[in-house]
1. In degrees, nearest 10, range 0 to 90: what is the angle between the Cα axis of helix B:155-166 and the longest Cα principal axis of chain B?
2. Can you give the angle from 0 to 90° between the axis of helix B:96-111 and the longest principal axis of chain B, with both taken from C-alpha atoms, to the nearest 10?
3. Please turn the phi angles of region B:367-378 into ³J(HN,Hα) values with the Karplus equation 6.51 cos²θ - 1.76 cosθ + 1.60 (θ = phi - 60°), one per residue in order, whole Hz, x for glycine and proline.
4. Taking every alpha carbon pair in region B:356-397, what does the distance histogram look like in 5 angstrom bins from 0, in percent?
5. Need one number: nm distance between label points at residue A:4 and residue B:321, each 7 Å from Cα along Cα→Cβ, rounded to one decimal.
6. When you take every Cα atom in chain B, what is the radius of gyration, and what is Dmax, the widest Cα pair distance, in Å?
7. Under the Karplus relation 6.51 cos²θ - 1.76 cosθ + 1.60, θ = phi - 60°, what is the ordered set of whole-Hz ³J(HN,Hα) values for region B:7-20, x standing for Gly and Pro?
8. Enter the angle in degrees (range 0 to 90, nearest 10) between the Cα long axis of helix B:171-186 and the first principal axis of the Cα atoms of chain B, meaning the one along which they spread out most.
Amino acid sequence: MIDEALQAFLERGCAIIVGTVAPDGAPHAQRGWGCSVVGPDTVRVLLDATDDVLRAHLADGGAIAITGADVRTLESVQLKGHVRILEGPTADDLERCRLHNDELFEDIFVTDHYPREYTERMEPPAYVVAVIDVEEVYDQTPGPGAGAPVRRSAP
Amino acid sequence: MTGAAHLTLADLAPCFEGAIPAVIATASADGTPNVTYLSKVRIVDGERVALSNQFFSKTAKNLVDNPRASILLIDPRTYDQYRLTLQYERTDRRGPVFERLRIDVDVAAALEGMQDVYRLRAADIYRVLDIEPLPSAKPAPARPLPSGVGDGMDAGRIAQLSTRLGRCPDLDTLVAAAVDGLADLFGYEHSLLLLLDEAGTRLFTIASHGYEAEGVGSEVELGDGIIGLAGARCAPVTVGNVAQATKYSRTVRRAYEDSGEIGPGREVPVPGLPDAASRCAVPAMAMGQLVGVLTVETRLPVAYGPADEAVLTVVASILANAIESERARVREAVPAGPLVPEEQPVAGRSAGAVTVRWFDADGSTFVDGEYLIKGVAGRILRALLAQHLADGRTEFTNRELRLDPSLELPSFKDNLESRLILLKRRLDERAAPVRIEKTGRGRFRLVVAGDIRLEVVDDG
């Protein structure tokens, strides 16, 4: 499901946003950080550990959507699936997140001229890691083709 | 509305200028979330926001089944983040909210020449149920990023500028005083004044302030880019993040090209700062007609708002009416023969002269191989030089120029004075060996330094 090109895209400093949903159907928007591909259909994404609503939505294998966008080109991909594990970050997770954020904030500075002192303020106070089984992938690049499925997993 | 007690939509006003893309999460009826970026969210009133709907997307489908949304906004001055919980109320396909969002979409379309395919389909209106500030790992910056000229627009300064403009004896002085006054009195360090051409299809720059090269003579098609759109709509257009809007527009353009809906695009060249972050363009109107466009720009994001649009509209209106008044004054017909002699010299009087090459097809004029100007202004220079080379004449009047059929001026709204100013400024800017000096109202002198060789190229 996640080929090498998509892996490279997700792991190179893209801007990540996250959608979750409550049992009553209420959606919830949040940002994500430091995505890494750890299996053919599995990614690890850091999330805001202080967002109690988000954690509640994901606690029991909740559904999740994550969209990664290249800040320079706005090319975007959306992954949909369910959270298998919600756990604390490892030292590797935090280091990967730091490198990912370096690339992201540099891209924003180069393309949109916002200094890092400001863009760093998007980072949450603490992280939690979601291990996500990816079931669907969509092209989310702005335009008439936004939302078209890239590949769908076998049932 | 619940949420942090002190937060209102008005407090979040800078978040709605589109400088930083918003985020929207929705959920389908079966509980599958969807999350994507939004180019812009607009305030409708104290309790509602509007989202544009250009594409029949998953977000739109979800909202039919489950009319709730969660959006993230960022204040571009501080990078403070907010989450808004929304309840869908209605969809507008006309009316003031739709029109406001349509301008946003039209700007994106105009930046990349997509006016034929990229249009607003609908404006979705939501009630805001909650506003929640998001925590950050980092403290607030010591100072918010500057965003705009900032110190307000008072009637006193508008009166000062109006007085300065009222004292200008001619158009050349008037347009210079306008752009200089906008810098002196209001802090608009980068401004351009463009006038509508004779055919009513293009705008050409007649005055500028704050650029390394003056850019006089640069042109933009009516409808193209922020400046062209303000002219075509006869309404102010303000963009708070030109880079973001351009990037978004290019991406959408590529998607349309990939889908085969439109062919390979052309990048719309725009006069002005290459790295402008904010641009505000207002139409200069007189007697219900578009005369030109006045535009200001800056490298600061989200720099302009309604107050800027208001003051620029006042100044643009003064300019437009002055220009129209001057045109009316000099439009008195007097009989005169053509300025260009029957026997046109195709060569100057001495070897080693500066060569002015003039192309009959479009009036393009080159001085020693360097492009100078084209169109009406080029034809004016050719006529003046031909007369000068024929009999040494240096004194001319606007009236005789106006009646010279070789200039191919339209009988109505001929723009002659504007074109003369354009020519004068281009010659000055290029330090050309030919200059135009004003000698009185409707009169001027051709100052020729050295020997000129005029080559007329009939390439038709």
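Quick note: the coordinates plus some simple rules give every number you see, no bench work behind them. What you see is a predicted model, and the numbers here were worked out from it, not measured in a lab. Neighbour counts run over all protein chains shown; Cβ positions are idealised from the backbone, glycine included.
1. That helix lies at roughly 20 degrees to the long axis.
2. For helix B:96-111, the angle is close to 60 degrees.
3. Per-residue couplings from phi come out as 10, 6, x, 9, 4, 10, 6, 9, x, 4, 4, x Hz.
4. 6, 26, 28, 21, 15, 3
5. Here the modelled spin labels are 7.0 nm apart.
6. Cα radius of gyration and Dmax of chain B are 26.3, 88 Å respectively.
7. 8, 10, 4, 4, 4, 9, 3, x, 5, 9, 8, x, 5, 10
8. It is inclined by approximately 30 degrees.
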